[in-house]
1. Please check which bits of the range 123-142 a label hung off residue 166 would reach, taking the label as a point 7 Å along Cα-to-C-beta and the cut-off as backbone N under 18 Å.
2. For the range 16-178, what does the relative contact order come out to in percent, with C-alpha contacts under 8 Å and a separation of six or more?
3. Could you order peptides 137-143, 13-19 by the average number of other Cβ atoms within 10 Å of their residues, highest first?
4. Using a Förster distance of 35 angstrom, determine the FRET efficiency expected from the C-beta separation of residue 42 and residue 159, and round it to 0.05.
5. Measure off 7 Å from each Cα along the Cα-to-Cβ vector at residue 65 and residue 111, then give the distance between these two points in nanometres to one decimal.
């Protein structure tokens, strides 16, 4: 369990239960795009270098070297920014709410908080061979209001986190019932039966 204080706006009575980051397959799309752009850039500099060697003008030598350095630094910056954004993009589950943090270094700093009392259902969508073989998927949070469902993409081991979120949600319900004096004493000690085999229920 992470320490309290990880969330700047966290109330004193709120405790973090767990948090998760996106699956590593989230990097596949930027890698493919970066490879294609890098291949085109390489071909451009290859042709440009051929013309520089053919004309042998000093100005072209300097321009070619300057552009090559700028492009190399740009690619390295994009790579490291993707790695940093991986640690900033996190989903935090507390005993009162689910917080979806979408943050980049400079351009974005979004936080969406979903109160556990407003969650009607939590499900997993894992379609396709790649999703099931690499064990990742999308967690869909259906709200009790008319708002559209909240989708959390690229969740690693989604069925495990689905069970954990349902466990936290159930504990929150029992805690509220206990505060209002409507929770039976045996319900607080009853073991969690979510996703257990039918013969054990």
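Every number here is computed from the coordinates shown, using simple stated rules; none is lab data. Bear in mind that the values here come from a model prediction, so they are computed numbers and not experimental data. Note that each Cβ is placed from the backbone with ideal geometry, even for glycine, and that neighbours are counted across all protein chains shown.
1. Label zone hits: 123-127, 136-142.
2. Numbers: 193 pairs, mean separation 35.0, N = 163.
Across the range 16-178, relative contact order equals 21 percent.
3. Working: 137-143: 18.4, 13-19: 14.9.
By packing density, highest mean first, the sequence is 137-143, 13-19.
4. On the way: r = 42 Å, r/R0 = 1.20.
Using R0 = 35 Å, I get an efficiency of 0.25.
5. A separation of 4.9 nm, rounded to one decimal place.
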